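Notes follow the structure.
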Ligand SMILES: [Zn+2]
């Protein structure tokens with residue numbers, strides 16, 4: 001076979017990126033970057049693409065060809081564990097990559113450091129990604145083109161937003177494996193579907209969708225360190241004051257750390273004071289940096305919608321907040337809701353969750369009281385229509401904390417795609433929903 005004059009065979013290249021300037025050059029060229037160790041990325045470009053980056057001062061080291069010589073060989077899509085689950089670093093990088101690839105409709109925001117990162121001993125910077133459609137009227141074709149060319153309109157970390165907002169947070173409990181994967185797929189569905197999928201396009205044209213795909217990245221690192229036997233870590237990894245008797249997470253999930261979903265300020269203080277317990281609430285309200293980051297995100301994105309002196313949130317309040325957990329197939333109403341708001345939220349949640357899920361308060365669903373949770377914080381402090389979804393049955397291949405990876409695609413994501421769509425569509429008037437014919 002004759003070689004083309006210009007060789008368009010793609011190769012992987014390692015590129016040192018000691019500062020943001022190098023990353024910006026690659027991003028500016030519209031090329032996706034994959035981390036390849038500290039200060040280094042891998043890109044896939046042909047010879048002329050590589051030369052264009054060299055001309056801008058980058059140093060590229062040629063690696064393998066993208067096309068494998070053995071068609072049957074399976075290429076790893078990234079550092080996953082337990083049959084395909086993504087690590088924290090991967091989930092956080094993914095949010096940034098989507099924002100880089102589609103600057104016209106997506107923006108990533110640094111929302112603060114994890115406990116480990118705050119101590120300068122590894123850990124992560126937490127990210128929220130915002131997705132929203134272009135403001136002007138446009139054809140689908142123009143929308144697709146604008147995804148990669150325009151600057152985002154909206155998506156500011158400020159409560160003054162022209163569109164109603166839907167915020168999804170996932171994997172605050174590290175061992176609830178499917179939740180982060182579902183958040184990942186939601187991000188991709190909206191980003192890839194804008195301009196081509198009618199529902200995704202409509203959601204982003206009318207709503208700002210915010211996603212924190214992994215709320216407990218340090219904890220997920222512990223889980224993933226088990227490989228095909230993921231560790232049962234539920235909490236963050238703050239081990240200050242942890243007794244030596246529980247210095248390592250055990251097979252039940254007890255060990256060091258603080259249960260972030262018991263550490264929020266609203267209704268804090270009624271949960272476990274045992275440092276080894278899975279539900280240890282922490283030494284004081286919002287003691288943990290991950291908790292503080294999420295509380296700050298709530299008040300950055302939403303104004304307080306409950307008027308001073310009034311306990312009921314008015315019907316005109318906007319915004320929906322979902323915290324995704326597993327398991328049990330529940331939709332849980334925040335305990336902090338007044339009787340009137342509780343029934344309004346019951347209607348909203350029933351419309352959102354899949355048919356067959358149990359909707360109710362803590363007592364009506366999981367059967368125990370919780371304190372200092374995300375949904376109480378968002379509803380109690382700001383009047384938001386917030387709730388918890390517990391995804392997955394109690395048993396079977398797709399049940400429990402650690403469903404087989406294939407279950408994400410086969411059942412869990414298809415269910416939540418419908419639920420999140422309904423939640424986004426309700427974000428403009430969540431307290432004024434009327435009972436729907438179930439569609440999910
Ligand atoms: Zn949970």
Inside segment 305-332, the number of residues satisfying the requirement of being part of a loop (DSSP other than H, G, I, E, B) and away from the ligand (no atom under 16 Å from the Cβ) is 15
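On the given criteria, is residue 193 without any contact (Cβ under 8 Å) to a residue 60 or more places away in the chain and either within 16 Å of the ligand (Cβ to nearest atom) or within 22 Å of residue 385 (Cβ to Cβ) (or both)?
When the stated conditions are applied, residue 193 does not pass them.
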Flag if residue 401 is more than 23 Å from residue 313 (Cα to Cα) and either within 16 Å of the ligand (Cβ to nearest atom) or part of a loop (DSSP other than H, G, I, E, B) (or both):
yes
Given (1) assigned to a loop (DSSP other than H, G, I, E, B); (2) touching a helix residue (DSSP H, G or I) at 6+ places or on another chain (Cβ under 9 Å), residue 200 misses just (1)
Being farther than 12 Å from residue 13 by Cβ and modelled with pLDDT under 65 is the filter here, so list the residues in segment 33-71 that pass it.
35, 67, 68, 69, 70, 71
Taking segment 377-388 only, how many residues are out of contact with any helix residue (DSSP H, G or I) (no Cβ under 6 Å at 6 or more places or on another chain) and farther than 16 Å from residue 293 by Cα?
3
Can you report the number of residues in segment 142-180 which are within 16 Å of the ligand (Cβ to nearest atom) and part of a strand (DSSP E or B)?
3
Out of 427, 423, I need the residue that is closer than 21 Å to residue 295 by Cα and in a helix (DSSP H, G or I). Which one?
423
Under 6 Å between Cβ atoms, at least 6 apart or on separate chains: pull out the pairs that start in segment 378-406 with a residue that is assigned by TED's automatic domain parsing to the domain that holds residue 264 and under 22 Å from residue 355 (Cβ atoms) and end on any residue that is more than 16 Å from the ligand (Cβ to nearest atom) and in a strand (DSSP E or B).
385/320
Would you call residue 178 crowded, with 20+ Cβ neighbours inside 10 Å, more than 19 Å from residue 413 (Cβ to Cβ), in the same structural domain as residue 327 (by TED's automatic domain parsing) and modelled with pLDDT of 95 or more?
no
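Give segment 336-356 a look and list any residue that's closer than 26 Å to residue 179 by Cβ, part of a loop (DSSP other than H, G, I, E, B) and either more than 16 Å from the ligand (Cβ to nearest atom) or modelled with pLDDT under 95 (or both), or say none.
Scanning segment 336-356 gives 336, 337, 354, 355, 356.
Matching residues to (1) at positive phi; (2) touching a strand residue (DSSP E or B) at 6+ places or on another chain (Cβ under 6 Å); (3) not assigned by TED's automatic domain parsing to the domain that holds residue 412:
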{"position": "238", "(1), (2), (3)": "no, no, no"}
{"position": "249", "(1), (2), (3)": "no, no, no"}
{"position": "269", "(1), (2), (3)": "yes, no, no"}
{"position": "297", "(1), (2), (3)": "no, yes, no"}
{"position": "303", "(1), (2), (3)": "no, no, no"}
{"position": "308", "(1), (2), (3)": "no, no, no"}
{"position": "330", "(1), (2), (3)": "no, yes, no"}
Hey, any hits in segment 8-15 for a residue that's touching a helix residue (DSSP H, G or I) at 6+ places or on another chain (Cβ under 7 Å), modelled with pLDDT under 80 and over 19 Å from residue 96 (Cα atoms)?
no
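Take segment 288-304 and flag every residue that is buried (at least 17 other Cβ atoms within 10 Å of the Cβ) and assigned to a loop (DSSP other than H, G, I, E, B).
Within segment 288-304, the first condition is being buried (at least 17 other Cβ atoms within 10 Å of the Cβ), and the residues that meet it are 288-295, 297-298, 301-302.
Within segment 288-304, 288, 302 meet the criteria.
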When segment 256-283 is examined, which residues are found to be away from the ligand (no atom under 16 Å from the Cβ) and either outside any loop (DSSP other than H, G, I, E, B) or touching a helix residue (DSSP H, G or I) at 6+ places or on another chain (Cβ under 6 Å) (or both)?
266, 267, 276
Flagged in segment 220-239 as away from the ligand (no atom under 16 Å from the Cβ), modelled with pLDDT under 95 and not in a helix (DSSP H, G or I), in numbering order, are 225, 226, 227, 228, 229
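The values are calculated or read from the model by the stated rules, or taken from the named source; none is laboratory data. Keep in mind the model is a prediction, meaning the values are calculated, not measured. Cβ coordinates were reconstructed from backbone atoms using ideal geometry, including for glycine residues, and neighbour counts include every protein chain displayed.
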